[in-house]
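The values are calculated or read from the model by the stated rules, or taken from the named source; none is laboratory data. A quick note: this is a predicted structure, and the numbers were derived from the prediction, not measured. With ideal geometry, Cβ positions are generated from the backbone for all residues, glycine too; neighbour counts draw on all protein chains shown. Surface areas here come from the heavy atoms of the whole protein model, side chains and all, with no ligands, DNA or RNA. Shrake-Rupley method; radii C 1.70, N 1.55, O 1.52, S 1.80 Å.
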Amino acid sequence: MPVWLFSVLVIGALTSIGVVTRLNLHAELDALYVLFAVFFSTNLLISYWEICLFHQRDYIEERGAYWRERLESSGKSPVIEFLLAKVSLARPFSPTLWADAWAVYSVVDGSYVDRRTFGFNCDIANGYFTPLPTLVLYATFTVPFLPAVVAGIVAAMLFWQWVYVSTVYVVSFFVAKRHRHIRRGQVFSHIVVPDSPWVLIPLLGIYVAVRLIIDGDYAVLGLT
């Protein structure tokens, strides 16, 4: 199956685990909960890609050159070609396959073939350090096992770092003048659109974190 479909199915499966569990326990869903379930599931998948970024960095540099040459010779979008590439069901989580996502992205932002840049290193940090707190929050938002105040403190720290790091990445992209090497439409579709959820949803998450701390319960997530 193509990369885009496999990714959607993985995120859908991870989201379904929480949604089904919550429905079985509480017989109702909350819109905020579903939003965070999808967001947490997406971060878990992307964290795996980011781990591949670290371990396959030499390969990514080679593939980045390949994709730039292919774009110049064929004019075809590397992003579209990657999304339509086939995932081997024998090795669905092949590190080289998912590392290729960064090689493709490096055509737009050369940070991902330069180990000295903020973009390269902040994504590696996200891949290694956010999965555990993501799982903890996903679990306690589904089946509250942590005191709401504790969950709120963890959420505030995790969501704030997403807001901060994502914002700094976008700012660094423009400060480094990388936007001058691509079309305005690509800036919007490849930078603004993908990074906006990592600022806007965590901002909402900070609100939820504050409510968890102040209220001392999970009512903000539809649990009483």
So which residues in the stretch 176-220 are charged (D, E, K, R), in a helix (DSSP H, G or I), open to solvent by less than 70 Å² (accessible area, probe 1.4 Å) and within 23 Å of A148 (Cα to Cα)?
D215
Of all the residues that make up the stretch 21-73, how many are free of Cβ contacts under 8 Å to residues at least 24 places away in the same chain and basic (K, R)?
1
Looking at (1) within 23 Å of N126 (Cβ to Cβ); (2) open to solvent by 50 Å² or more (accessible area, probe 1.4 Å); (3) within 17 Å of the chain's Cα centre (by Cα), which is the one condition that is false for L5?
(1)
Any residue in the stretch 202-211 that is among the hydrophobic types (A, V, I, L, M, F, W, C), at pLDDT below 95 and more than 23 Å from S41 (Cβ to Cβ)?
no
Within the stretch 79-122, take every residue that is without any contact (Cβ under 8 Å) to a residue 40 or more places away in the chain and open to solvent by 30 Å² or more (accessible area, probe 1.4 Å) and give me the one that is nearest to F188 (Cα to Cα).
I80
May I ask you to list the residues in the stretch 21-37 that are assigned to a helix (DSSP H, G or I), open to solvent by 60 Å² or more (accessible area, probe 1.4 Å) and either in contact with a Ser or Thr (Cβ under 6 Å, 6 or more places away or on another chain) or farther than 21 Å from L132 by Cα (or both)?
L23, N24, L25, H26, A31
